[in-house]
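Input: a single structure, listed below in structure tokens.
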Amino acid sequence: MAENTIREVVAAFDKPEALQSAVSDLQSCGFNRADITFMARQSLTGHLAQDYEATRQAEDDPRARREAVTDETDIRQRRTLDISLAATLAGFAAAGFTIATGGTTLLAAGATAAAVGATGGAGALLGKAYGKSHETFLREQLERGGILVWVRTPDAAAEERVQSILRQYAAHDVHVHEVPASV
């Protein structure tokens with residue numbers, strides 16, 4: 001492997017569940033999550049899957065934007081974080097409002113409960129929208145030939161292990177390629 005290139009295994013999946021299982025298996029076999037990437041989701045014009053007529057065009061394109069692995073656990077954690085953050089901020093805002101107006105404890109409790117409920121609902125809607133956006137992106141990739149995954153590999157033995165694991169979960173277009181390290 002040349003010093004200015006990176007070797008990686010690329011593959012496409014037809015089922016998101018199979019991809020999740022393959023990523024989990026790769027991590028169980030010692031592959032670092034930071035070395036496993038998907039096509040990046042967002043650009044200024046929408047989902048990046050739209051930039052390619054077929055995912056095959058993106059497989060070996062060194063300019064294809066990528067992002068870290070995102071799975072269902074990550075999406076659930078983001079929803080929880082969004083809701084928790086919104087509820088906390090609402091609670092502080094309600095408490096500050098109550099103190100500023102010289103309100104009583106009962107007023108403070110009522111205002112806090114109302115604010116937490118309203119912003120918790122807004123946080124839930126944001127989390128749901130994020131999940132829906134993720135589903136849309138996966139569907140767009142599937143319509144164009146499959147959900148892409150790239151796995152950076154340190155050596156030929158790792159390349160063989162990665163290819164074997166990906167094929168075990170019905171990946172197609174599984175192959176090794178080199179991309180410039182500066183990309």
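Tabulated data
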read-out	value
Where MET39 falls short, out of the listed (1) buried (at least 16 other Cβ atoms within 10 Å of the Cβ); (2) within 16 Å of GLN141 (Cβ to Cβ); (3) at pLDDT 90 or above	(3)
In region 1-15, residue surrounded by the fewest Cβ atoms within 10 Å (Cβ to Cβ) [restricted to those that are of a type outside the set (A, V, I, L, M, F, W, C) and closer than 15 Å to ILE36 by Cα]	ARG7
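The values are calculated or read from the model by the stated rules, or taken from the named source; none is laboratory data. Computed from a prediction, not measured in an experiment: that's the story for all the values here. All Cβ positions, glycine included, derive from the backbone under ideal geometry; neighbour counts span all protein chains shown.
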